[in-house]
Amino acid sequence: MLQILAKEFSSFLNSLIAYIVMGVFLTAIGLLMWVFPETSVLDYGYADMFTLFSLGPYVFIFLIPAITMRSFAEEKKGGTMEILYTKPVSDWDIILGKYFACLLLVALTLIPTLIYYFSISALGNPAGNIDTPGVIGSYTGLIFLAGAFCAIGIFSSSITPNQIVSFILAAFLCYLVFAGFESLSMLNVWSANALLIKQIGLLYHYESLGKGLIDSRDLVYFVSVIALVLLVTRINLGTRTW
């Protein structure tokens, strides 16, 4: 697995994908947090990182599929999957290697945003007046959310040799599992089951972590979603329909 991870991550760094993704994410979040008056922390007067943690997931919905769309689709289209399977690696080695390479790139993209935390903390009145446990919980939620999105992107790439189709499918599925169940629960047809439907979606558990209390139930939920999607990916690759 480590060899696959190193190969995939190196291919990211040797192409424009990594730099475009990191540049777009940091530019978009930077503009939203510091420039645009509707969302600027300088205008609404509260020392928090609400803009990053509320809008970051929606930016991820488009950027993470852009990272993962080539994972298997490119291998299938180029005919290199057959070569990969001649090497002494298992399906899980391939899947997990590609998955963790994508997740590592997303984690590296988030690291520069720590500057925002220290900046907002220094701007607080008094200095340091920021909800640090909430920030830690929100970063934890963002990493696990990125992990779920990466798993969905890997799955989408495994079912088609077309990168554009993989991107569109992954973006749709990411949005569906993130905010779709929240919207579905608001319909006036569920009565007492509305909360249960809301809890199926990623948004409920992401917001729960953002409150600063890292509940093991939320972590188990994210790990379960990731494991389930990767298992479906393994089953799909096992069919060898490509």
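The values are calculated or read from the model by the stated rules, or taken from the named source; none is laboratory data. Keep in mind that this is a model prediction, so the values were computed, not measured. All Cβ positions, even for glycine, are placed from backbone atoms using ideal geometry, and neighbour counts span all protein chains on display.
Just one of the numbered conditions (1) assigned to a loop (DSSP other than H, G, I, E, B); (2) buried (at least 18 other Cβ atoms within 10 Å of the Cβ) is not true of ASN129: (2). Scanning segment 211-233 for residues that are under 23 Å from PHE50 (Cα atoms) and either among the hydrophobic types (A, V, I, L, M, F, W, C) or part of a loop (DSSP other than H, G, I, E, B) (or both) returns LYS211, GLY212, LEU213, ILE214, ASP215, LEU219, PHE222.
Just one of the listed residues (LEU213, LEU195, LEU187, LEU219) is under 24 Å from CYS150 (Cβ atoms) and not hydroxyl-bearing (Ser, Thr, Tyr), and it is LEU219. Would you confirm whether any residue within segment 173-191 is within 28 Å of PHE50 (Cα to Cα), hydrophobic (A, V, I, L, M, F, W, C), crowded, with 16+ Cβ neighbours inside 10 Å and touching a Ser or Thr at 6+ places or on another chain (Cβ under 7 Å)? Checking segment 173-191: at least one residue is within 28 Å of PHE50 (Cα to Cα), hydrophobic (A, V, I, L, M, F, W, C), crowded, with 16+ Cβ neighbours inside 10 Å and touching a Ser or Thr at 6+ places or on another chain (Cβ under 7 Å).
Residues considered: ILE214, ILE154, ILE143. Of these, the only one that is within 30 Å of GLU75 (Cα to Cα), among the hydrophobic types (A, V, I, L, M, F, W, C) and surrounded by fewer than 22 Cβ atoms within 10 Å (Cβ to Cβ) is ILE143. Selection of segment 132-156 for residues being under 16 Å from LEU230 (Cβ atoms) and either aromatic (Phe, Trp, Tyr) or in contact with a strand residue (DSSP E or B) (Cβ under 9 Å, 6 or more places away or on another chain) (or both) yields PHE144, PHE149, PHE155. Here the condition is being in contact with a His (Cβ under 9 Å, 6 or more places away or on another chain), under 16 Å from PHE60 (Cβ atoms) and in a helix (DSSP H, G or I); of GLY153, GLY141, it holds for GLY141 alone. Selection over segment 192-210 of residues that are of a type in the set (A, V, I, L, M) and either touching a residue at least 40 places away in the same chain (Cβ under 8 Å) or under 14 Å from SER54 (Cβ atoms) (or both) gives a count of 3.
Against the definition (among the hydrophobic types (A, V, I, L, M, F, W, C) and modelled with pLDDT of 90 or more), how does LEU110 come out, yes or no? Yes; evaluated as a whole, the condition is true for this residue.
If you go through segment 210-242 and keep only what is at pLDDT 90 or above and among the aliphatic types (A, V, I, L, M), you end up with LEU219, VAL220, VAL223, VAL225, ILE226, ALA227, LEU228, VAL229, LEU230, LEU231, VAL232, ILE235.
Condition check ((1) modelled with pLDDT of 85 or more; (2) farther than 22 Å from LEU230 by Cβ; (3) among the basic types (Lys, Arg)) across all residues:
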residue	(1), (2), (3)
LEU173	yes, no, no
VAL177	yes, no, no
TRP190	no, yes, no
SER208	yes, yes, no
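Scanning segment 217-242 for residues that are within 18 Å of ILE136 (Cα to Cα) and surrounded by fewer than 13 Cβ atoms within 10 Å (Cβ to Cβ) turns up ARG217, VAL220. Where helices (runs of 4 or more DSSP H) fall wholly inside segment 162-205, the ranges with 1 or more residues that are closer than 30 Å to LYS77 by Cβ are 163-175.
From the residues in segment 63-98 that are surrounded by fewer than 18 Cβ atoms within 10 Å (Cβ to Cβ) and among the aromatic types (Phe, Trp, Tyr), which one is modelled with the lowest pLDDT? The residue in question is TYR85.
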